[in-house]
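Have a look at the structure below, then the notes.
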Amino acid sequence: MKIAMVGSGYVGLVSGACLADFGHDVVCIDKDPGKIERLNAGIMPIYEPGLAELVASNVKAGRLSFTTSLAAGIDGAQAIFIAVGTPSRRGDGHADLSYVYAVAQEIGENLKNPAVVVTKSTVPVGTGDEVERIIGAANLPHQIAVVSNPEFLREGAAIGDFKRPDRIVIGAEDEFGRHVMQEVYRPLFLNQAPLLFTSRRSSELIKYAANAFLATKITFINEIADLCEKVGGDVQDVARGIGLDNRIGSKFLHAGPGYGGSCFPKDTLALLKTAEDYDSPVRIVEAVAKVNETRKRAMGRKVVEALGGADQARGKRVALLGLTFKPNTDDMRDAPAIAIARTLQDAGVDVVAYDPEGMEMAAPLMPGVQMAQSAYEAITGADAIALVTEWDAFRALDLDRVKALARAPVLVDLRNVYRPDEVRAKGFAYTSVGRS
Ligand code: UDX
């Protein structure tokens, strides 16, 4: 089957490469000529484990190609995916749909064959109706269906998530749409990945509800972690104790500095906007968004406390280990490290940082933060070390070496990577999250 993927960003590129790997003939389209040129030269615009290899092997097999021309790319395609960005609109938090609608318009102007147009971008309820209206206005002579097929890819694990999904959600209003989507995902269907067919509006809402629920789970355990610190509990044990209940589940109960990334912060705000538009408040999600925002700076204050409080902190030096919003990505969007660094700087602290992949993205977002070439270089001369992102490289630091290089053996572990007894036995002043 010939498939066109409009938008070669994170979602479009991963989805396009995986669909090509299933044996489909995929064209990835992007307006940015520089990006297409680099992709044709095998250079990925993002860091995602396994992506460069997957792209290279499918290009070599002749199943995957790149172009800047939407008209050429969609020619003969039975399925056209829209995978362009839907950033938060400045001012009101509503998803900015201008890119999605511009693509719909261009599809309407150029489509020469029957096709299913699939929104993969995260879009608010009702967007599919508008896409259908825009394309319908072109009065095309052949059959067109507009379908919703949200992505649930985690950065850093996106290829595995695409190829072995928990479920595939398809919101289609007619048999043509359902049939073509079944063909697109046939290779996964044979692996018995559950294919959930529903209405387009339900499908659009499923994406937001899923992300809001996961954000709620994280925020819940983060607040329980704070309570653990006050009452003398251990949040790791509490998370395990509740997570073993199948109705709750053990995943996404890891306490930390708050969620970040390209999805949870933006999608929770967009859901709140939809709820407001329809006069149907989702108060739990309102609280989640607020609590998470304040948490990031609170984590900065936790590091200030470890330095001996605001009076002692001024002029001291803190090493931040890990900057990206989570490991195995170079993505800095809404990363807690940004707010943590700012809080420290506001307290007069010098910040030096190291991240295995994210420093290039981080530098412009963190003015005044010195970037080191390695974890040990960052630690050298530091009055405290704050582990912000749990990259594997930080899981087994040589603590004797850390102690020798740092000015003071103070470790603030915001991801609960280390065992308190072991680190304290090495002579560190150790604080973590939710473990008194
Ligand atoms: C998320 C969803 O998981 C994915 O299905 C959706 O399509 C896009 O958004 P992603 O943003 O890549 O994916 O990251 P994820 O692994 O979900 O983590 C999001 C944030 O939550 C990170 O900042 C992470 O550190 C934090 N997190 C996650 C926790 O603090 N605790 C947890 O237990 C899990």
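The values are calculated or read from the model by the stated rules, or taken from the named source; none is laboratory data. What you see is a predicted model, and the numbers here were worked out from it, not measured in a lab. Glycine also receives a Cβ, built like all others from the backbone with ideal geometry; neighbour counts cover every protein chain displayed. Just so you know, the surface numbers come from the protein's heavy atoms only, side chains and all, with ligands and any DNA or RNA stripped out. Shrake-Rupley method; radii C 1.70, N 1.55, O 1.52, S 1.80 Å.
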Choice from VAL146, VAL423, VAL169 showing the highest fluctuation, given a GNM over the chain with Cα pairs closer than 10 Å = VAL423
Hey, how many Å between the Cα centroid of the stretch 205-253 and the Cα centroid of the stretch 30-96?
-> 35 Å
With every protein chain in place, the accessible area of HIS254 for a 1.4 Å probe, in Å² rounded to the nearest 10, comes to 90 Å²
Summed side-chain charge close to LEU387 - residues other than LEU387 whose Cβ falls under 10 Å, Lys, Arg +1, Asp, Glu -1 | 0
Residue-normalised value, i.e. accessible area per residue, for the chain at 1.4 Å probe, in Å², stands at 44 Å²
Highest GNM mean-square fluctuation among GLY108, GLY256, GLY241, for the chain with Cα springs under 10 Å, belongs to GLY241
Checking PRO327, PRO49, PRO364 against a Gaussian network model of the chain (alpha-carbon springs below 10 Å), the top fluctuating residue turns out to be PRO364
What accessible surface, in Å², does a 1.4 Å probe find on MET361, ignoring ligands, DNA and RNA and rounding to the nearest 10?
-> 90 Å²
With DNA, RNA and ligands ignored, accessible area of ILE248 (1.4 Å probe; Å², nearest 10) = 70 Å²
quick shape note, the stretch 246-371: Cα extents on principal axes in Å, largest first -> 50, 34, 32
Round to the nearest 0.05 the FRET efficiency obtained for SER250 and GLU175 when R0 = 30 Å and r is the Cβ-Cβ distance.
-> 0.15
Of the accessible area of the chain, computed with a 1.4 Å probe and all protein chains kept, carbon and sulfur make up a percent value of 52 percent
As computed over the chain, the Cα convex hull volume per residue (Å³) | 152 Å³
Looking at the stretch 35-76, which trypsin sites (Lys or Arg not before Pro) are in a loop (DSSP not H, G, I, E or B) and have at most 11 other Cβ atoms within 10 Å?
-> none
Note to self, the chain gives a 222 nm [θ] from helices alone (DSSP H runs n ≥ 4, -39500 (n - 2.57) apiece, / all residues, nearest 500) of -13000 deg cm²/dmol
So for ASP421, ASP311, ASP32, what's the accessible-area order with a 1.4 Å probe, most first?
-> ASP311, ASP421, ASP32
